[in-house]
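To start, the structure itself, in C-alpha cells.
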Amino acid sequence: MTITLDGPLLLVGAGKMGGALLTGWLDRGLDPARVFIQDPNLPEQVATLVDAHNVARGMPPELPAPPSVMVLAVKPQAVAETLPDLKHLVEGDTVVLSIAAGQTLATLARHLGEGCSIVRSMPNTPAAIGRGITVACSNAHVTADQAQRCITLLSAVGEVAWIEDEGLLDAVTAVSGSGPAYVFLLTECLAAAGVEAGLSEDLAAQLARATVSGAGELMYQSEDSAEQLRHDVTSPGGTTEAALKILAGKGGLEALMARAVEAATKRSRELSS
C-alpha cells in the first residue's frame, strides 16, 4: 500500500527509530518531497538515505504548509526543550505522532497546546527490519482521519494495535517495548548453557541464534498459538519435556518473566509521572 499524505510530514528526530520509520515510509512510496527532517545530528545511514532521496532538512526546515503529521522521535529528555520551538507549526489539521517513550498525552499537550491532536505510540526495535509492533492511543482531539494517518505511517514498520486506555502503555512498554532485550538475553543464556554442556563458544552461539530466530519466524508464519507450537515439539518422555519441566517449574521462566514485566511496568510508570 502506497503512503499518501495531503500535506507535509515533519520528522523531528531521525535516530534509530526515526530512521527506521523514514525507511519504511520511503519504501512504501511516500513522496520524498513531502518529507522534512529536523535533526542536526543525522546518523550516517539516515543521512545517506536523506541525501539519496533529496529529503529536505534544517533547524527547522522550511515547510510549504502546516504539516499533515508531525512525528516526534526525539529522546524523551529532549522533548521539553524541543517542543516550544515547534508549537507554532501545529495548526489546522496537524496531528502530532509521538514515539518519545514515557511522554504522556497530557505532558505533550502542555507543551503544544491543550487543543492539539496528539497520538502517543510505543514501537519496538524490530521496526528496523519492518517486523516491529507498535501500540498507540490518542487524546480526545484526534479525528478518525488523523488516527488513520498515524496507523498508516506506523504500519510501514510492522503491526499496529490501538488502545483506548493510555495507562496500558506501561504494560505494553514492558512486554513489547523491552521484550526484544528479553529474547536477546534468552539467546545469550542458551548459548552459555551450550558451552557449559561442552560445545565450543562459536558453535553454541550459532545454534542459539539460529534456533531463536528460526523459532520466531516459525511462530510468525504459523496460525497456531505459541502454546500449540510448544506442544508440537514436545514428545512425551523426550528431551524437550525434560528441559521444560525445569523451565516451567516453580520459580522457572513463567515466574521470572512475570517479575521482569512487573518491574519494567513499574519503571515505565515512574518515568511517565
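Since every read-out is calculated from the coordinates, none of them should be taken as a lab result. Keep in mind that this is a model prediction, so the values were computed, not measured. Every residue, glycine among them, receives a Cβ derived from its backbone with ideal geometry; neighbour counts consider all protein chains shown.
Below 12 angstrom from the Cβ of Thr234, what's the summed charge of the other residues (Lys, Arg +1; Asp, Glu -1)? Walk me through the intermediate numbers first.
Working: positive: Arg230, Lys245; negative: Glu227, Asp232, Glu241.
Net charge in that neighbourhood comes out at -1.
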What Rg and what Dmax come out for the chain when only alpha-carbon atoms are used, in angstroms? 21.4, 68
From the square roots a ≥ b ≥ c of the eigenvalues of the alpha-carbon gyration tensor of region 50-95, which class results: rounded (a/c under 1.5), prolate (a/b over b/c), or oblate? oblate
222 nm mean residue ellipticity, helices alone, for the chain (DSSP H n ≥ 4; -39,500 (n - 2.57); rounded to 500): -14000 deg cm²/dmol
Radius of gyration and Dmax over the Cα atoms of region 177-272, both given in Å: 15.4, 48
Most fluctuating of Val79, Val71, Val212 in the GNM of the chain (C-alpha, under 10 Å) is Val212
Which one of Thr234, Gln148, Cys116 is farthest out on the positive end of the charge dipole of the chain, using unit charges on Cβ (Lys, Arg +1; Asp, Glu -1) and the Cα centre as origin? Cys116
Stretch in the chain that is longest and holds no GluC sites (Glu not before Pro) that DSSP places in a loop and that have at most 11 other beta carbons within 10 Å: 1-61
Determine which lysines satisfy two conditions relative to Lys16: a Cα distance under 22 Å, and not lying fewer than 8 residues away in the same chain. Lys75
Which residue, Val160, Val142, Val195, tops the fluctuation ranking in a GNM of the chain built on C-alpha contacts under 10 Å? Val195
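Subtract the Cα-Cα distance of Glu223 and Leu256 from 0.36 nm times their separation in residues, and report this length gain in nm to one decimal.
Length difference between fully extended and current span is 9.2 nm.
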When DSSP beta bridges are limited to those with both residues in region 9-169, what percentage is antiparallel, rounded to the nearest 5? 15 percent
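Quick one: net charge around Leu199, please, counting Lys, Arg +1 and Asp, Glu -1 for every other residue with C-beta under 15 Å from its C-beta. Present the calculation step by step, with values, prior to reporting the outcome.
Working: positive: Arg209; negative: Glu188, Glu196, Glu201, Asp202.
So the environment of Leu199 carries a net charge of -3.
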Using θ = phi - 60° and the Karplus relation 6.51 cos²θ - 1.76 cosθ + 1.60, list the HN-Hα couplings for region 122-136 in order, rounded to whole Hz, with x at every Gly or Pro. 10, x, 9, 5, x, 4, 4, 10, x, 10, x, 9, 10, 10, 9
Quote the charge dipole size of the chain about the Cα centre in Debye, to the nearest 20; the model charges only the Cβ of Lys and Arg (+1) and of Asp and Glu (-1). 400 debye
Based on DSSP, what percent of beta bridges with both residues in the chain are antiparallel, to the nearest 5? 15 percent
Find out how many positive minus negative residues lie around Leu10, taking Lys and Arg as positive, Asp and Glu as negative, among other residues whose Cβ is under 15 Å from that of Leu10. -3
